[in-house]
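Each value in this text was obtained by applying a stated rule to the coordinates, not by laboratory testing. Not measured: the values here are computed from a predicted model. Reconstructed Cβ throughout: ideal geometry from the backbone, glycine too, with neighbour counts over all protein chains shown.
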Amino acid sequence: MNFDMLITKTITGKAPCVVGLDVGYDELPEEFRGEDVAESVCSYNRAVIDAICEAVPAVAVNVPALLPYGIGVVSDAIAHAGEKGLYTIADAKCSGEPVAAKAEAAFYYDTLGADAVTVSPYYGAEGLAPFFEKCAESGKSVFVLAHSDSGTPTDLQELMAGIRMVYRAVCEKVAIWGDKRTGDMGYSDIAVMLGGVSNSVLRELRRTCKKTMFLLTGYDGKKTSAHDFGGAFDMRGLGGLVYVTRPITLAEGDSELNIRVSMAAQEVCRDLRLCF
């Protein structure tokens, strides 16, 4: 599935929401904890996917969070989401020299069948080239991490690079790399991943990166809501995807999991639709 198909899903009724799967065994509800740890996590992910697939267009599988349970857990989540018609992102933050990057790109796109992969930009264009090539060949996409909402991003991402910060330089590079790779809906298959960035900065980035899709992290429905991401969207209400994890996947309540998760997803989607 490519960005054009994903964007069409948001135009025809689904909110621009990506549900992140990152819940480990120790956080599972009691009814999902069995003797087989990996199968328990797989079962939970499948249940979440089944509960959200009518409300949202995409999922992101947090590879580092789930990898301790085996790559089969990651593969199972991507496969099940794909079977449900969802756009799938392998949130792997891949980074490496060209040989390693080529292997990673082949693994995530070809072996696991993900529609998109998240990557780190710090090996430069040569390290990212295998991902770009795979996207050009297969109609898939890549998200280049520019700014994170976790850890201490100011240590590196907000250092000055000439007259602008490093993360803005990354966004500018992505816009250049993707300029000639625009789909029918006006967006390139080379996108950026942004978290912890103010709405005013998102608005500025949208003006300068007109063809770049933004994957936006940090939504919790409390401290941050849909209004905090409005600047990332164009005049048509397109160009952004809001990455939501725990408010949906660990939704609280007394009802069964599928009902809790489905209701939480619908609530987030209502919030997003009101703004975009």
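Summary of values
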quantity: Radius 13 Å from Cβ of Ala232, net charge of other residues (Lys, Arg +1; Asp, Glu -1); calculated: +2
quantity: Mean Cβ neighbour count within 10 Å, used as a protection proxy, ranking 171-179, 201-209, 187-195 highest first; calculated: 187-195, 171-179, 201-209
quantity: Centroid-to-centroid separation of the stretch 1-42 and the stretch 241-269 [C-alpha atoms, Å]; calculated: 10
quantity: Cβ-defined net charge surrounding Arg46, 12 Å radius [Lys, Arg +1; Asp, Glu -1]; calculated: -3
quantity: For the stretch 3-275, share of DSSP beta bridges that run antiparallel, in % to the nearest 5; calculated: 10
quantity: Angle between the chain longest axis and helix 166-177 axis [Cα atoms, degrees, rounded to 10]; calculated: 80
quantity: Helix 37-52 axis, angle to the chain major axis (alpha carbon atoms, nearest 10°); calculated: 80
quantity: For the stretch 176-252: Kirkwood Rh in Å [reciprocal of mean 1/r, alpha carbons]; calculated: 13.1
quantity: Ala161 long-range amide H proximity, modeled H, under 5 Å; calculated: Val166
quantity: Estimated Rh, the stretch 3-275: Kirkwood, alpha-carbon pairs, angstrom; calculated: 18.7
quantity: By average C-beta atoms within 10 angstrom, highest first, the peptides 238-249, 22-33; calculated: 238-249, 22-33
quantity: Positive minus negative residues near Cys209 (Lys, Arg vs Asp, Glu; Cβ under 12 Å); calculated: +3
quantity: Cα-centre dipole for the stretch 3-275 with unit charges at Cβ (Lys and Arg positive, Asp and Glu negative), debye to 20; calculated: 1360
quantity: Sorted by Cβ density within 10 Å, fewest first, the residues Phe107, Phe131; calculated: Phe107, Phe131
